[in-house]
Every structure is written in structure tokens, then in C-alpha cells.
Amino acid sequence: MEQKRSLPDTIAPGWLVVQVFGTLFVIITLVTARESALWIWALYGVSAACWLLFVALDRSRPRLTAGLLAAATLLPAVALGAAEDSTALLLTAIILGRFAALATPSVAAIVGVGAGTMALAILTWPISGETPVGAFGQALVLLAITLVGVNHRQHVVRREQAERLLEQTRLAQAEQARAAALDERTRIAREIHDVLAHSLGALGVQLELAEALLAEKNDVTGALATVRRSRGLAADGLAEARAAVAALRQDIPSLADALATLAEVHRRDHRSPVDFRADGIPRGLSSAATVSLVGTAREALTNAAKHAPDAPVSMTLDFTADVVRLRVRNPLPAEVPAKGGFGLTGMRERLALAGGTLDSGYEEGIWQVTAEVPE
């Protein structure tokens, strides 16, 4: 079915309509004039010429045309007392109304031109042959037209101010959107670097070591062990990359829920008890901090399963006023070396990139890992 076309809300701009009708009124007034004095016709002609220049140049030279329109207003007012008909009053009123509605001249200039036309109407009455009442009546008409024009000018000025404000708002919104896009790109680049740079770097080192063992020492056993470590690093890096992507997409659970899931997976896979507890009021963290803390918990649980497979593990997440603290504790047999491995070194570096710290140590048969990130 063919859609009906509706007429636009405005067929032509308001300023164009005013110029066209003003020009028609000026032409009609001059055509119907009945005047015998040539000097008065000269005033009318110069005034009409100033009006036409105003119409032609108003959009490109507003200050110049405002001056031309002021002259076009005052010229016929000079003939108010000597004119043989109402042409001088009509020309003065038409052009004064347009001048008073302009936004370019100041209010003082508009008042000055309006007062000038009223003064000419009053001062020239002795040569008009009319009573003073008629001269003051003309002045009152010109005063009313000036007030109406100034009132319309206020609406024009407010509209132009609103348009400028709207344009400034659009520009500000565009700049904010551009800044937000740059910030988001920077954040994504930082997250990818924080999560992947260390894992890929460690993987590269392990593969170089395996190549050296095979090429220089022909140590197949050592190279095989190194390749296995590399495979573990690759698996850990893939898991961390997935967690980072999920954090960037903001579809991962909260930090407490993620740690609770890790504890449940550890209980199921290693059949060892894990006690997880969250204290304090939870609050949002950056994705880098969240991924780092989850990775620290994963590494600590992996070490606990490796060095103390049957020992219980306690994991505490504490939201304090200044920091978010993760503490993982598990008993450690005395014969096991109490030192952090390569994985904890990587976690320490990654937490540092997120502005956090990691401490680990052995005390009275308990191995403890503590990670902190600022609020």
C-alpha cells in the first residue's frame, strides 16, 4: 500500500517569509504613494534601496545590513511632517518593525532608532499642518511597533541561543563518545596485555628450553618434562584468556561467586575439603583485579593439590575499607619445600599490573598465600 506523503511542518524559513512580505509591502506602499516633492521621493528611493540591499545581504553580512536597515528606517521618518499622504509613516513603520526584530543590533541601538523616528514624528509636526495630537499619535504607533519588534527579537535571540547550546551539547557528546571509545580501547589493550603477556612469555621460555635440551644435550626426558610444563602453561593461559574475555564482556559472576565455583570444582576434582568464606560488603572491581584474584586462587588450589593432596584448604575473601584481600591456607608437610613456584611468581607480577600485591609463606606447618588489590 502506498504511503501518504505529508507536507513539511515549515515550507520556508521564517526569515525568508518576513523578507518576502516586507518587500511586497514596501513595493505596494511606494506604488500607491501620492507625492509631488522630489526630495521626498529621493528619501523613499534611498530607503527602498537600503531595504533591498538588506534583503540581499542579510544572511552573509548581518552587521552591515543592520546599519542599512537603520538608515532605511530613519530616511522616510524625515518626511513624516512634509509628506502629502501616509506613505512616509507606512514605510517607517514597516522597516522599523523589521529592524526592531533583528538579533544582530543591540537593544540600545534599536531603542535609539525607534526614539529617532518618534522624535522626527513629533518635531516635524509644525510643517505638516496637522494638530499635535496627530504627531503624537504617529509617535505612539512607532513606539508600539518598536515594542512588538523587540518582543519578537527576544524570541529570536532565545531560539538562536538554544540552537547554539544544542550544537555545543552535540559536540560535547561526540567528544565524550570519542573519549569513551579511546578509554575502552586502552582498557581492552591493557587487559589483553595483563592476561596474555606473562603466560605467552613463560610459554616461549619453556619451549626455548625444550629446544635447547633436544638440540644441545639430546636430553629427551628433560625436554619431554619441559614440553609438559609448556602444555600446562598453555592450558592455564587459555583459561585465563577466557576469563579475561568474559570479564571484558561483563558476563562473569561476581568475584565471590567465581571463587565459590573454584572451591566447588576443587572439591569435586581432588576430593579434598575446601572451606570458602566471604566477609565484608561486596563491591565492584576492575576486570583486571577480578581476573588476577581468580587466577591467584586457582594457582593456590593447584599448588595445594600438588603438594598436600589430602589436606583441607581454607579460602577467605575479605572486603575491607581500603583493599580486597584473598587468603588461601592449607597444611603443608614438613618434607615439602616451602617456597613459591613459577606460577605464584606469575600471579605476583599480574597482581602488580593490577595495582595489587601477593605474599606467600610457610609458618607452623601452614602454607599461606595472601593477595590484595586496592579498592
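General observations
- Dipole orientation for the stretch 29-186: of the candidates ALA172, THR104, VAL55, ALA172 has the Cα lying most toward the positive pole (charges on Cβ; Lys, Arg +1; Asp, Glu -1).
- In this label model, GLN161 and ARG185 are separated by 3.9 nm, measuring between points 7 Å along each Cα→Cβ vector.
- Working ranking of peptides 22-33, 300-311, 226-237 by packing, defined as the average number of other Cβ atoms within 10 Å per residue, highest first, is 300-311, 226-237, 22-33.
- Ordering of 110-119, 271-280, 162-171, 86-95 by packing [mean C-beta count within 10 Å, highest first]: 86-95, 110-119, 271-280, 162-171
Readers should treat all values here as calculations from the given coordinates under stated rules, not as data from a laboratory. Values in this document were obtained by computation on a predicted structure and should not be read as measured data. Glycine also receives a Cβ, built like all others from the backbone with ideal geometry; neighbour counts cover every protein chain displayed.
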